[in-house]
1. Taking the Cβ of G47 as the center, what net charge do the other residues with Cβ under 13 Å away carry, scoring Lys and Arg +1 and Asp and Glu -1?
2. Could you check the spin-label model distance between F56 and Q79? Points 7 Å from the Cα along Cα→Cβ, value in nm.
3. Of the listed peptides 33-45, 55-67, 72-84, what is their order by residue-averaged count of other C-beta atoms within 10 Å, with the highest listed first?
4. Provide the gained length on full extension for the span L24 to D42, in nm with one decimal, where the gain is 0.36 nm per separating residue minus the Cα-Cα distance.
Amino acid sequence: GMMGGRLAGMMGGGMMGGGAGAELDEPLSPEDARMLADRWLDGVLPGVTAGEPVAFPGYFTFDTERDGRVQGMLSVNAQTGAVWYHVWHGSFLDELGA
């Protein structure tokens, strides 16, 4: 399946929530990053899912959602698959549009 192969061992332990600690053969696609984010969320925050990916140099950031409402934010390193939850933001209140 999609989580086999090069993504199978990506969610190991680590200070910021996991990752293999080694670079991948190629950077993750947005879809692969979202699958890793959702798998991490399943283990830590059941019922919360990753929203649409926002690409930054070297990583993807996702709003985390429960029942269509934003709960928080996490990021996935595109080179290692490490996932880190943005606990420093505090509780989500609202988002201003540009």
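1. Values: positive: R66, R69; negative: D38, D42, E65, D67.
Local charge sum for G47: -2.
2. Reported label-point gap for F56 and Q79 is 1.5 nm.
3. The peptides rank, most packed first, as 72-84, 33-45, 55-67.
4. Details: separation 18, 0.36 × 18 = 6.48 nm, distance 2.29 nm.
Between L24 and D42, full extension yields an extra 4.2 nm.
Bear in mind that the values in this text are calculations on the coordinates, not laboratory data. None of the values given here were measured: they were computed from a predicted structure. Heads up, the Cβs are rebuilt from the backbone with ideal geometry, glycines too, and the neighbour counts pull from every protein chain shown.
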